[in-house]
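Trainee: Can you read through this structure? Questions will come right after.
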Amino acid sequence: MGRFLLYLLLALVVIGVGFYIYQRNIAPVPVVASDLDKGGAFSDDEKTGLKTACMAFMKKDPDKVCGCIMDKAGTDFSRFDREIMTATFKEKLSDIVGLTKGLVDSGIPMDKMKAAESDSKQRLSDLMKTCGSPS
């Protein structure tokens with residue numbers, strides 16, 4: 001039993017070191033305080049990226065669900081939320097890590113950063129329910 005726990009601990013350390021090496025090479029995505037406010041500029045590139053990622057992610061009724069998401073994304077969500085949604089739909093951990101690193105590098109107070117991250121997750125979950133996403 002002791003040997004099993006030793007191997008398990010060793011595996012966790014190796015995984016932790018591997019993740020550290022992986023994430024330290026990811027460039028931060030620039031984030032400013034205004035990116036955390038609802039609305040804001042929603043460029044054509046961001047719209048296209050979000051819609052493409054959404055259409056690829058949704059297995060059932062992508063036109064209906066993604067149309068609903070796109071209707072609400074420009075007004076009800078911040079730029080940071082939209083970038084998190086795009087990264088989530090693409091299922092790219094590196095994009096999420098880059099956004100988080102950009103948030104840390106931005107100089108925004110820690111309490112506002114934590115609130116932005118947790119609120120973003122909750123708003124995305126609520127949006128998925130509202131738009132009838134089966135995922």
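The values are calculated or read from the model by the stated rules, or taken from the named source; none is laboratory data. A quick note: this is a predicted structure, and the numbers were derived from the prediction, not measured. When we count neighbours, we look across all protein chains shown, and the Cβ atoms used for this are built from the backbone with ideal geometry, even at glycine.
Trainee: May I ask you to list the residues in segment 38-48 that are more than 21 Å from T130 (Cβ to Cβ) and either in a helix (DSSP H, G or I) or of a type outside the set (S, T, Y) (or both)?
Mentor: The answer is A41, D44, D45, T48.
Trainee: State the number of residues belonging to segment 6-41 that are under 19 Å from P109 (Cβ atoms) and among the small types (G, A, S).
Mentor: So the count comes out to 2.
Trainee: Which one is modelled with the lowest pLDDT, of the residues in segment 96-135 that are among the charged types (D, E, K, R) and over 19 Å from M58 (Cα atoms)?
Mentor: Top of the filtered list is E117.
Trainee: Can you list residue pairs whose Cβ atoms sit under 7 Å apart, with the first residue in segment 55-81 being outside any helix (DSSP H, G or I) and the second being modelled with pLDDT of 85 or more? Count only pairs 6 or more apart in sequence or on different chains.
Mentor: What qualifies is M58/V65; M58/C66.
Trainee: Quick one: in segment 102-118, which of the residues that are of a type in the set (D, E, K, R) and touching a helix residue (DSSP H, G or I) at 6+ places or on another chain (Cβ under 8 Å) is nearest to S78 (Cα to Cα)?
Mentor: E117
Trainee: Let me ask something else about it. Hey, can you tell me all the residues within segment 82-95 that are in a helix (DSSP H, G or I) and either among the basic types (K, R) or within 20 Å of K59 (Cβ to Cβ) (or both)?
Mentor: R82, M85, T86, A87, T88, F89, K90
Trainee: Looking at segment 85-114, I want the residues that are on the phi < 0 side of the Ramachandran plot and have a partner that is of a type in the set (S, T, N, Q) with Cβ atoms under 7 Å, at least 6 apart or on another chain. Which pairs are those?
Mentor: V97/Q23
Trainee: Could you check, for segment 110-130, whether at least one of its residues is surrounded by 12 or more Cβ atoms within 10 Å (Cβ to Cβ) and not in a helix (DSSP H, G or I)?
Mentor: No, because not a single residue in segment 110-130 is surrounded by 12 or more Cβ atoms within 10 Å (Cβ to Cβ) and not in a helix (DSSP H, G or I).
Trainee: Also: Could you run through segment 63-115 and say how many residues are touching a strand residue (DSSP E or B) at 6+ places or on another chain (Cβ under 8 Å) and among the hydrophobic types (A, V, I, L, M, F, W, C)?
Mentor: 1
Trainee: Related question: Restricting attention to segment 16-36, does a residue exist that is touching a Phe, Trp or Tyr at 6+ places or on another chain (Cβ under 8 Å), assigned to a helix (DSSP H, G or I) and in contact (Cβ under 8 Å) with a residue 24 or more places away in the chain?
Mentor: Yes.
Trainee: Identify, by number, the condition in (1) modelled with pLDDT of 85 or more; (2) in contact with a helix residue (DSSP H, G or I) (Cβ under 7 Å, 6 or more places away or on another chain) that K38 doesn't meet.
Mentor: Among (1) modelled with pLDDT of 85 or more; (2) in contact with a helix residue (DSSP H, G or I) (Cβ under 7 Å, 6 or more places away or on another chain), the lone unmet condition for K38 is (1).
Trainee: Right, next: In the list K51, K101, which residue meets the criterion of being within 16 Å of the chain's Cα centre (by Cα), among the basic types (K, R), more than 20 Å from R123 (Cα to Cα) and surrounded by 16 or more Cβ atoms within 10 Å (Cβ to Cβ)?
Mentor: Just a single option satisfies the conditions, and that option is K101.
Trainee: All but one of (1) under 15 Å from the mean Cα position of the chain (by Cα); (2) surrounded by 15 or more Cβ atoms within 10 Å (Cβ to Cβ) hold for E91; state the number of the condition that does not hold.
Mentor: All conditions pass for E91, except number (2).
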